[in-house]
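Beneath this line is the structure, given in structure tokens, with notes to follow.
The values are calculated or read from the model by the stated rules, or taken from the named source; none is laboratory data. Remember, it's a predicted structure, so these values are computed and weren't measured experimentally. For neighbour counting, all protein chains shown are included, and Cβ atoms are generated from backbone atoms with ideal geometry for every residue, glycine included. Side chains are part of the model used for accessible areas, which takes the heavy atoms of the whole protein and leaves out ligands, DNA and RNA. Shrake-Rupley method; radii C 1.70, N 1.55, O 1.52, S 1.80 Å.
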Amino acid sequence: MTEWNVERAATVLAAAEADRADRGPVTDEWPELDLDTAYRVQDEILCRKVASGEQIVGVKLGLTSRAKQQRMGIDSPLTAWLTDRMALPAGAPLVTGELIHPRVEPEIVFVLGERLSGPGVTAARAMEAVSHVYAGLEVIDSRYTDFRFTLPDVVADNASSARFTVGGVIRKPDELDLALEACLLEVNGEVVDSATGAAVQGHPAEALALAANTLAKRRVVLEPGWIVLTGGLTDAVFAHPGSRISAQFANLGSVTLRCE
Ligand code: OOG
Ligand code: MG
């Protein structure tokens, strides 16, 4: 039997992504996989992506809202990497055939104007580092069958990251009360879910502070220009070919993905 290690887990998960072939949780075969090692798998997958020409554009938080935590059965937030390969330009379709079983979720997205480094970052300090706020849709595509995973599994799998897109309205952070920012999630013009920014850790700035503080333990500093996805406000919906998924925000405008 081959022994499990960081390299092997990275190879297996990268292959699942490249081949669009879902698989069982890594922890089924490697039950000793702990959280620190899972983050090393995540970093190893990132290193391989960077070596193949992708660029880091920021980070995402996952499992920051109760809606997401309850659906996935995991109650602790996590962080993962975003690369330029994942960014869908405005108006570009979501090509579902490139992915395994994509789901889409509405998120509040920050762009940093300054470096932000933990520990000790408060929500207020985090907001000072934000230059812009956008409406976003994240496309998640777990490499695990039926999105069934434990916390170390999903961390190793770069938190199911696949694609993301942001809306056309850019707001300054001090123009808005993001806790009260309302969002409707629509599929083919019908509202299927709704939330306010408070769904994400009470305020999306809390999620950003959490990212800065937990990434500090891995010696990662959030850099100016980085995008930060603060986590799904609602549960995610399946991206079926032919469907149109949009998030309508009260002040951040709307963002739509046409699924092919
Ligand atoms: C894990 C990724 C979670 C979020 O915004 O909560 C996430 C998953 O649900 O597959 O991106
Ligand atoms: Mg997300």
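Quick rundown of the values:
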{"item": "Options Leu257, Leu252, Leu180; residue that is open to solvent by less than 20 Å² (accessible area, probe 1.4 Å) and either within 30 Å of Arg40 (Cβ to Cβ) or away from ligand 1 (no atom under 16 Å from the Cβ) (or both)", "result": "Leu252"}
{"item": "Qualifying positions in the range 225-237 - out of contact with any helix residue (DSSP H, G or I) (no Cβ under 6 Å at 6 or more places or on another chain), of a type in the set (Gly, Ala, Ser) and either within 16 Å of ligand 1 (Cβ to nearest atom) or in a helix (DSSP H, G or I) (or both)", "result": "Ala236"}
{"item": "Every residue from the range 189-203 that is buried (at least 20 other Cβ atoms within 10 Å of the Cβ) and within 14 Å of Thr234 (Cβ to Cβ)", "result": "Ala195, Gly197, Ala199, Val200"}
{"item": "Verdict on Pro31 being under 24 Å from Pro241 (Cβ atoms), at pLDDT 95 or above and outside any helix (DSSP H, G or I)", "result": "no"}
{"item": "Residues (small (Gly, Ala, Ser) and either more than 13 Å from Phe238 (Cα to Cα) or away from ligand 2 (no atom under 13 Å from the Cβ) (or both)) located in the range 132-159", "result": "Ala135, Gly136, Ala156, Ala159"}
{"item": "Scan of the range 104-162 for residues that are touching a Ser or Thr at 6+ places or on another chain (Cβ under 8 Å), surrounded by fewer than 23 Cβ atoms within 10 Å (Cβ to Cβ) and at positive phi, ordered by number", "result": "Phe147"}
{"item": "Matching residues, the range 204-224, being assigned to a loop (DSSP other than H, G, I, E, B) and open to solvent by 50 Å² or more (accessible area, probe 1.4 Å)", "result": "Lys217, Arg218, Arg219, Glu223, Pro224"}
{"item": "Unmet criterion (only one of (1) closer than 29 Å to Gly113 by Cα; (2) open to solvent by 10 Å² or more (accessible area, probe 1.4 Å); (3) outside any helix (DSSP H, G or I)) for Glu186", "result": "(1)"}
{"item": "Cβ pairs under 6 Å, 6+ apart, first in the range 63-74 and touching a residue at least 12 places away in the same chain (Cβ under 8 Å), second among the polar types (S, T, N, Q) and not in a helix (DSSP H, G or I)", "result": "Thr64/Gln201; Ala67/Thr234"}
{"item": "The range 59-85, residues that are of a type in the set (Asp, Glu) and within 23 Å of Cys183 (Cα to Cα)", "result": "Asp75"}
{"item": "Scan of the range 62-96 for residues that are more than 16 Å from ligand 2 (Cβ to nearest atom), open to solvent by less than 40 Å² (accessible area, probe 1.4 Å) and under 22 Å from Asp146 (Cα atoms), ordered by number", "result": "Thr96"}
{"item": "One residue from Leu13, Leu94, Leu35 being aliphatic (A, V, I, L, M) and in contact with a strand residue (DSSP E or B) (Cβ under 8 Å, 6 or more places away or on another chain)", "result": "Leu94"}
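Residues checked against (1) under 17 Å from Phe164 (Cα atoms); (2) more than 16 Å from ligand 2 (Cβ to nearest atom):
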residue	(1), (2)
Leu210	no, no
Lys217	no, yes
Val220	no, yes
Leu229	yes, no
Ala239	yes, no
Arg244	yes, yes
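Conditions (1) without any contact (Cβ under 8 Å) to a residue 24 or more places away in the chain; (2) within 16 Å of ligand 2 (Cβ to nearest atom); (3) open to solvent by less than 30 Å² (accessible area, probe 1.4 Å), marked per residue:
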| position | (1), (2), (3) |
| --- | --- |
| Glu7 | no, no, no |
| Thr11 | yes, no, no |
| Ala15 | yes, no, no |
| Asp22 | no, no, no |
| Gln42 | no, yes, yes |
| Glu54 | no, no, no |
| Glu98 | no, no, no |
